[in-house]
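**Q** Could you have a look at this structure, given as structure tokens, before my questions?
The values are calculated or read from the model by the stated rules, or taken from the named source; none is laboratory data. Note that the structure is a prediction, hence the values are computed from the model and not measured. We place every Cβ from the backbone using ideal geometry, glycine too, and count neighbours over all the protein chains shown. With ligands, DNA and RNA removed, areas are computed over all heavy atoms of the protein, side chains included. Shrake-Rupley method; radii C 1.70, N 1.55, O 1.52, S 1.80 Å.
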Amino acid sequence: MKIAILSRNKKLYSTRRLIEAATERGHDVAVMDVLRCYMNITSMRPSIHYGSKDQTGFNAVIPRIGASVTFYGTAVLRQFEMMGVYPLNESVAISRSRDKLRSVQLLARKGIGLPITGFANSPDDVEDLIKMVGGAPLVIKLLEGTQGIGVVLAETQKAAESVIEAFMGLNADILVQEFIQEAGGADIRCFIIGDKVVAAMKRQAQDGEFRSNLHRGGSASLIKITPEERSTAVRAAKVMGLNVAGVDLLRSNHGPVVMEVNSSPGLEGIENASGKDVAGMIIEFIERNARPNRTATRGKG
Ligand code: ADP
Ligand code: MG
């Protein structure tokens, strides 16, 4: 097969591993910097150009689109979809997952366990918003944050009010969430391929930190998840429409709650913690599933 990987950097662990796994299985791989792809959107014959060449003949595309380039990146991916190329994750699903508010609304619709979450626009409603999610301590999140940046723990009512008002004053979109204290600074990353959790790891925050992101100094270890956690993670990825996803769960007193669903989950942490060839499993999934025009939306999203 001819596989395109949309990635801004060939040297990143995840990109390297995908190139390796695909090449090992005899596929032809091209890595493209999504910001250097340009498109002809004319009716009937959509095309993508890269390095001044018309890019044709791809059977599948693996999007590894960074949070900072979601807008352009999903447009390029949509163009591949219009050309009939099979996307590992499709553009609409990636757009959904990048918006934390939209994600929690979609998950809530399907009855998936979530921390109590609120959203408001006006500073006049802040006091009531805080009450609604159960008061301090609470977590405040920028809607488009990633890697733990833009996630704040407000320990008191006053701290919560002033942080929320400050974000609102900057016109930053935020959501407010119940703090799952009993998780003890740990979360569970479930790596989903298709309808299975293929690997899971526990991430523990550094001492004095509540965010378990590896980028924030969290440490990863192997964990055995419960059947309830497994089915929650699989359902969450399905609701988002993602074939490959990193579903992050917190162990709360009322069962597993989904914190977020990542559409470009990193491979380094999970491969190291689990000792599994996750990149190889991704390529095998593509081999089993890639067909021309096989998406839920065909670029219509
Ligand atoms: P990001 O997209 O920046 O990773 P997350 O929503 O995943 O944002 O939050 C970052 C980290 O903060 C999580 O991995 C988790 O450790 C912690 N965290 C987030 N929300 C909560 C919450 N409601 N209760 C407890 N811890 C949380
Ligand atoms: Mg996260």
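**Q** Starting from region 204-227, take each residue that is part of a helix (DSSP H, G or I) and list its partners that are open to solvent by 60 Å² or more (accessible area, probe 1.4 Å), counting only C-beta distances under 9 angstrom and pairs at least six apart or across chains.
**A** Every condition considered, the pairs that remain are L214/Q147; L214/E268; H215/T146; H215/Q147; H215/I149; R216/Q147; R216/I149; R216/Q206.
**Q** Looking at region 139-164, which of its residues are in a strand (DSSP E or B) and either away from ligand 2 (no atom under 14 Å from the Cβ) or not small (G, A, S) (or both)? First the steps, then the outcome.
**A** Keep residues of region 139-164 that are in a strand (DSSP E or B), which gives 139-146, 149-154.
Hits for region 139-164 are V139, I140, K141, L142, L143, E144, T146, I149, V151, V152, L153, A154.
**Q** Any idea which of (1) surrounded by fewer than 19 Cβ atoms within 10 Å (Cβ to Cβ); (2) within 16 Å of ligand 2 (Cβ to nearest atom); (3) over 20 Å from L18 (Cβ atoms) is the one A233 doesn't satisfy?
**A** (1)
**Q** Is region 170-185 home to any residue that is assigned to a loop (DSSP other than H, G, I, E, B), among the polar types (S, T, N, Q), under 23 Å from D248 (Cα atoms) and touching a residue at least 60 places away in the same chain (Cβ under 8 Å)? Steps first, please.
**A** Pass one, region 170-185, residues assigned to a loop (DSSP other than H, G, I, E, B): 170-173, 179-180, 184-185.
Then keep just the ones that are among the polar types (S, T, N, Q); that gives 171.
Right, trim to under 23 Å from D248 (Cα atoms) and you get none.
Looking for residues that are assigned to a loop (DSSP other than H, G, I, E, B), among the polar types (S, T, N, Q), under 23 Å from D248 (Cα atoms) and touching a residue at least 60 places away in the same chain (Cβ under 8 Å), one finds none in region 170-185, hence no.
**Q** Inspect region 74-81 for any residue being open to solvent by less than 10 Å² (accessible area, probe 1.4 Å), among the aromatic types (F, W, Y) and outside the structural domain of S263 (by TED's automatic domain parsing) and give the result as yes or no.
**A** Looking only at region 74-81, we keep the residues that are open to solvent by less than 10 Å² (accessible area, probe 1.4 Å), and these are 74, 76-77, 79-81.
From what's left, among the aromatic types (F, W, Y): 80.
When the remaining residues are screened for being outside the structural domain of S263 (by TED's automatic domain parsing), the result is 80.
Yes, region 74-81 contains a residue that is open to solvent by less than 10 Å² (accessible area, probe 1.4 Å), among the aromatic types (F, W, Y) and outside the structural domain of S263 (by TED's automatic domain parsing).
**Q** Considering only region 186-202, I want to know if a residue exists there that is of a type in the set (D, E, K, R), closer than 13 Å to P137 by Cβ and either away from ligand 2 (no atom under 16 Å from the Cβ) or touching a His at 6+ places or on another chain (Cβ under 7 Å) (or both).
**A** First, pick out the residues of region 186-202 that are of a type in the set (D, E, K, R): 187, 189, 195-196, 202.
Filter again for closer than 13 Å to P137 by Cβ, leaving none.
For region 186-202, residues of a type in the set (D, E, K, R), closer than 13 Å to P137 by Cβ and either away from ligand 2 (no atom under 16 Å from the Cβ) or touching a His at 6+ places or on another chain (Cβ under 7 Å) (or both): absent.
**Q** How many residues are under 19 Å from E268 (Cα atoms) and in contact with a helix residue (DSSP H, G or I) (Cβ under 8 Å, 6 or more places away or on another chain) when one looks only at region 207-239?
**A** 4
**Q** Could you tell me whether E165 is out of contact with any strand residue (DSSP E or B) (no Cβ under 9 Å at 6 or more places or on another chain) and either more than 10 Å from ligand 1 (Cβ to nearest atom) or more than 25 Å from G269 (Cα to Cα) (or both)? Full working, then the answer.
**A** Working: out of contact with any strand residue (DSSP E or B) (no Cβ under 9 Å at 6 or more places or on another chain): yes; either more than 10 Å from ligand 1 (Cβ to nearest atom) or more than 25 Å from G269 (Cα to Cα) (or both): yes.
Answer is yes for this residue.
**Q** Can you work out which of the residues in region 240-276 that are free of Cβ contacts under 8 Å to residues at least 60 places away in the same chain and farther than 16 Å from I62 by Cβ is nearest to ligand 1 (Cβ to nearest atom)? It would help to see each step written out before you state the result.
**A** So the first thing to find is which residues in region 240-276 are free of Cβ contacts under 8 Å to residues at least 60 places away in the same chain, and the list is 246-247, 272, 275.
Okay, now just the ones that are also farther than 16 Å from I62 by Cβ, so 247, 272, 275.
Details: V247: 11, N272: 18, G275: 23 Å.
Filtering first and then ranking leaves V247.
**Q** While we're looking at this one, here's another question. Report the residue count in region 82-115 for those that are of a type in the set (D, E) and buried (at least 19 other Cβ atoms within 10 Å of the Cβ).
**A** Applying the first criterion (of a type in the set (D, E)) to region 82-115 yields 90, 99.
From what's left, buried (at least 19 other Cβ atoms within 10 Å of the Cβ): 90.
Matching residues across region 82-115 total 1.
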